[in-house]
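Trainee: I'd like to ask you about the structure that follows.
The values are calculated or read from the model by the stated rules, or taken from the named source; none is laboratory data. Remember, predicted model here, so these are calculated numbers, not experimental data. Heads up, the Cβs are rebuilt from the backbone with ideal geometry, glycines too, and the neighbour counts pull from every protein chain shown.
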Amino acid sequence: MGSFVALLRAVNLGSHNKIGMADLRALFSDLGLADPRSLIQSGNIVFGAPRRSSAALERLLETEAARRLDLHTDFFVRGAMEWKAIVDANPFSEEAGRDPGHLVVVCLKDPPSADVVKALQAGIKGREVVRASGRQAYVVYPDGIGTSRLTMAVLEKKLGTRGTGRNWNTVLKLHALAGA
C-alpha cells in the first residue's frame, strides 16, 4: 500500500465544477482507496492505494468522477515519494521562505521540453519566473497571482499540456499529510 496525492483541476471555482469534499472522499472510499483525506476546498486529496502507476489512478479517478459524480475534470496523481521529490527539487527556496503564497507548483499531465520552457520564459512580459522539472513547473509570481498575465491558460497553451497549480503553503501541507 502506497500513499498518494491527488489534485483536481479547476473545481469549486465560482459555479464551475462544484464538488463537496465529503462527496469526493466518499468516491475514493467507494473505489477501495484507503483513508482519503482532503485539504481545503480546491480538490486536494491524500489517500492510500495498492502500488499502481499514477497514470492508472488518474484514469480511474477521472472516469469514476465523471460517471458517479458528473464531475468532468483532470486528476493529477503523484506518489508520496514523488511529492517529496517535488518539494526537494524546488528551485526557488529563497522565495519559498520569504513569500510562499506567491510560489506555485503546477502539476502537469506531460513533461514539457526544455525548449518549450525556455520559449515560455522568454515570452513573459512581467517579473514572473518559471522553471520546470519532469511533470512539474515552479512559478514565482513576485507581483501577485491575481494580477499576472501568466495565467494557467497561458501556461497550458505555451507548455502544450494541461496542469493545475497549488501555492507552496498547500504543497507543504500535502507533503505533511502524505507522510513521505
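Okay, residues lined up against (1) under 18 Å from Thr63 (Cα atoms); (2) in the same structural domain as Gly165 (by TED's automatic domain parsing); (3) at pLDDT 90 or above; (4) not in a loop (DSSP other than H, G, I, E, B):
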site: Ile19; (1), (2), (3), (4): yes, no, no, no
site: Ser29; (1), (2), (3), (4): yes, no, yes, yes
site: Asp35; (1), (2), (3), (4): no, no, yes, yes
site: Ile40; (1), (2), (3), (4): no, no, no, no
site: Ile45; (1), (2), (3), (4): yes, no, yes, yes
site: Gly48; (1), (2), (3), (4): no, no, yes, yes
site: Arg51; (1), (2), (3), (4): no, no, no, no
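Trainee: Still on this model: For region 88-128, how many residues are surrounded by fewer than 20 Cβ atoms within 10 Å (Cβ to Cβ), under 17 Å from Val154 (Cβ atoms) and aliphatic (A, V, I, L, M)?
Mentor: Total meeting the criteria: 5.
Trainee: Report, by residue number, each residue of region 83-114 that is touching a Leu at 6+ places or on another chain (Cβ under 7 Å) and either assigned to a loop (DSSP other than H, G, I, E, B) or free of Cβ contacts under 8 Å to residues at least 24 places away in the same chain (or both).
Mentor: Phe92, Pro112
Trainee: Further question on the same structure: Hey, does region 64-80 have a residue that's surrounded by fewer than 13 Cβ atoms within 10 Å (Cβ to Cβ) and assigned to a helix (DSSP H, G or I)?
Mentor: There is at least one residue in region 64-80 that is surrounded by fewer than 13 Cβ atoms within 10 Å (Cβ to Cβ) and assigned to a helix (DSSP H, G or I).
Trainee: Moving on to the next point. Which ones in region 150-180 are exposed (fewer than 14 other Cβ atoms within 10 Å of the Cβ) and within 14 Å of His102 (Cα to Cα)?
Mentor: Thr151, Asn169
Trainee: Same structure, new question: Quick one: would you say Leu61 is of a type in the set (A, V, I, L, M, F, W, C), touching a Leu at 6+ places or on another chain (Cβ under 9 Å) and free of Cβ contacts under 8 Å to residues at least 60 places away in the same chain?
Mentor: The answer is yes for Leu61.
Trainee: Condition first: farther than 28 Å from Ser113 by Cβ, in contact (Cβ under 8 Å) with a residue 24 or more places away in the chain and in a loop (DSSP other than H, G, I, E, B). Now tell me which residues in region 143-179 satisfy that.
Mentor: Correct list: Gly144, Gly179.
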